[in-house]
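Working notes, beginning with the structure itself.
The values are calculated or read from the model by the stated rules, or taken from the named source; none is laboratory data. The shown structure was predicted, so the numbers you read here are calculated from the model rather than taken from an experiment. Backbone-built Cβ (ideal geometry, glycine too); neighbour counts: all protein chains shown.
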Amino acid sequence: MKLVLLGAPGAGKGTQAEVLSEKLGIPVISTGNMLRAAIAEGTEQGKTAEVYIKQGGLVPDDVVVEILKERLSHFDCKNGFILDGFPRSLSQAEVLDKMGVAIDRVISLEVPDEEIAKRLSGRRVCLLCGATYHIEYNPPKQDGLCNNDNQPLIIRDDDKPETFMKRLEVYHELTEPLKEYYLDKGILRIVVGQEEVSDTSREVLKALEG
Ligand code: AP5
């Protein structure tokens with residue numbers, strides 16, 4: 001199964017990707033997490049990415065595509081993968097097509113913009129493993145610590161209201177048109193994000209069957 005998760009910032013792509021990865025036994029490929037790792041490592045790609053991420057814009061295609069191609073070449077991708085955060089524009093969807101990556105399903109997670117603001121303001125993440133929590137909706141077992149590796153959880157820089165509004169704008173302008181692109185290919189499924197993470201997961205799994 002080669003799966004793409006589409007959705008606005010904070011729609012729950014990362015959260016659902018983790019659930020699906022466990023259920024389907026395929027890795028999550030999150031371009032956002034890979035870019036944040038590159039920033040933390042201080043690589044040239046990371047230095048370029050940081051400028052764009054801080055402003056809430058998209059990182060240039062050449063940087064993201066290079067990181068993605070390298071990750072897709074790993075052995076654990078041979079039985080499929082879940083793309084979280086790629087493609088994010090028509091030009092990136094065309095890159096996947098040119099690479100000969102045949103996507104089986106595209107799930108668009110739909111959540112109203114007002115709800116997204118609540119989700120992002122309470123989000124906490126683990127920089128080591130990329131796990132995502134919410135202080136109210138999806139808290140870690142131990143306050144402030146990751147369930148997987150006990151690392152301290154942090155608030156992402158780009159979750160500040162001014163940056164987040166820009167990210168939402170970029171989503172509507174550049175990423176949302178992808179729904180039509182994949183609708184035309186007959187592989188798009190819309191899933192309305194529910195209040196409970198587990199309810200959304202059930203809907204996503206249903207959408208994968210149909
Ligand atoms: P990225 O890290 O991909 O961020 P994003 O797409 O903006 O998405 P988020 O990670 O903010 O949200 P999510 O949908 O994963 O939601 P989550 O599950 O965390 O990208 C960051 C930046 O990197 C971009 O802005 C861009 O600059 C750059 N970038 C990345 N990919 C790129 C690309 N391909 N090209 C160019 N640039 C790129 O959930 C959010 C919160 O809600 C959490 O707290 C969670 O616990 C909670 N929650 C989740 N589900 C529910 C639920 N059902 N009910 C209640 N709460 C819930």
Exercise. Please specify each residue of the range 50-92 satisfying the condition of being part of a helix (DSSP H, G or I), without any contact (Cβ under 8 Å) to a residue 40 or more places away in the chain and surrounded by fewer than 15 Cβ atoms within 10 Å (Cβ to Cβ).
Key: Val51, Asp62, Glu66, Lys69, Glu70, Phe75, Ser91
Quiz item: From the list Leu120, Leu128, which residue is assigned to a loop (DSSP other than H, G, I, E, B) and touching an Asp or Glu at 6+ places or on another chain (Cβ under 6 Å)?
Solution: Leu128
Quiz item: Inside the range 180-210, can you point out the residues that are more than 16 Å from the ligand (Cβ to nearest atom), part of a loop (DSSP other than H, G, I, E, B) and either without any contact (Cβ under 8 Å) to a residue 60 or more places away in the chain or not hydrophobic (A, V, I, L, M, F, W, C) (or both)?
Solution: Lys185, Gly186, Gly210
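So if I check each of Ser89, Ser73, which one is polar (S, T, N, Q), within 13 Å of the ligand (Cβ to nearest atom) and at negative phi? Give the steps one after another, and end with the answer.
Numbers: Ser73 fails: within 13 Å of the ligand (Cβ to nearest atom).
Only one candidate qualifies: Ser89.
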Quiz item: Failed condition for Gln45, given (1) polar (S, T, N, Q); (2) crowded, with 17+ Cβ neighbours inside 10 Å; (3) at pLDDT 95 or above; (4) out of contact with any Leu (no Cβ under 8 Å at 6 or more places or on another chain), with all others met?
Solution: (4)
Exercise. Kindly provide the set of residues from the range 138-179 that are in a loop (DSSP other than H, G, I, E, B), touching a residue at least 24 places away in the same chain (Cβ under 8 Å) and either closer than 13 Å to Gly10 by Cβ or hydrophobic (A, V, I, L, M, F, W, C) (or both), ordered by number.
Key: Leu153, Ile155, Arg156
Quiz item: In the range 127-172, how many residues are within 13 Å of the ligand (Cβ to nearest atom), of a type in the set (D, E, K, R) and more than 18 Å from Glu50 (Cα to Cα)?
Solution: 2
Quiz item: Quick check: is even one residue across the range 93-100 surrounded by fewer than 16 Cβ atoms within 10 Å (Cβ to Cβ) and under 25 Å from Lys206 (Cβ atoms)?
Solution: no
Quiz item: Which is under 21 Å from Leu174 (Cα atoms), within 14 Å of the chain's Cα centre (by Cα) and away from the ligand (no atom under 12 Å from the Cβ), of Leu3, Leu109?
Solution: Leu3
Quiz item: Assuming Leu83 fulfils every condition listed in (1) within 15 Å of the ligand (Cβ to nearest atom); (2) over 17 Å from the mean Cα position of the chain (by Cα); (3) closer than 18 Å to Glu22 by Cα apart from one, which condition is it?
Solution: (2)
Self-check item: Glu94, sole failed condition from (1) charged (D, E, K, R); (2) over 16 Å from the mean Cα position of the chain (by Cα); (3) under 18 Å from Val4 (Cβ atoms); (4) near the ligand (Cβ under 9 Å from one of its atoms)
Solution: (4)
Exercise. Would you point out which residue out of Ala17, Ala11, Ala38 is outside any helix (DSSP H, G or I), within 11 Å of the ligand (Cβ to nearest atom), hydrophobic (A, V, I, L, M, F, W, C) and under 18 Å from Gly130 (Cα atoms)?
Key: Ala11
